[in-house]
């Protein structure tokens, strides 16, 4: 009788263990099959444009990546024998004008300021104007009073180096 009970307990335990393993295997298979579809549907390739300028020994680079609802990119101000600014931005394009928040490292400090570029034909022209500090970042006082064409002019370039 004792052997019979032992066999029943062992048999029940074996069946429970076998039942518990099957859902795990099917779940893993389902996850593996569904993951590529989910990833495929979420991958978005932006339209990219790159611009560069050299002034004396100073180099400037801009990479713009346009998504449906936002524009992101990288911006580098590499000043010869001075602290450089290197960082990323997020913003929007209105017509041919890019307005973005540029987060960059300079002198070991993380800073944020607005940048604006006029994107025309094969050039990017940086806009300048009076700025003020608001909520920890430098912003333009009035975007309608900005000046384009007197400052940095970047020419379209290959994105391979950025």
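The values are calculated or read from the model by the stated rules, or taken from the named source; none is laboratory data. Being a predicted model, the structure only gives us computed values, none of them experimental. Neighbour counts are summed over all protein chains in view; Cβ atoms, including those assigned to glycine, are modelled from backbone coordinates with ideal geometry.
Of note:
- Subset of the stretch 99-136 [over 18 Å from residue 152 (Cβ atoms) and free of Cβ contacts under 8 Å to residues at least 24 places away in the same chain]: 103, 105, 108, 109, 110, 132, 133, 134, 135
- Within the stretch 126-138, the set of residues being within 22 Å of the chain's Cα centre (by Cα) and buried (at least 16 other Cβ atoms within 10 Å of the Cβ) comprises 126 only.
- Any chance residue 92 is in contact (Cβ under 8 Å) with a residue 60 or more places away in the chain and not in a loop (DSSP other than H, G, I, E, B): no
- Residue match in the stretch 96-107 (condition: farther than 25 Å from residue 145 by Cβ, assigned by TED's automatic domain parsing to the domain that holds residue 148 and in a strand (DSSP E or B)): yes
- Comparison of 150, 82 shows that the only residue that is surrounded by fewer than 15 Cβ atoms within 10 Å (Cβ to Cβ), in a loop (DSSP other than H, G, I, E, B) and more than 22 Å from the chain's Cα centre (by Cα) is 82.
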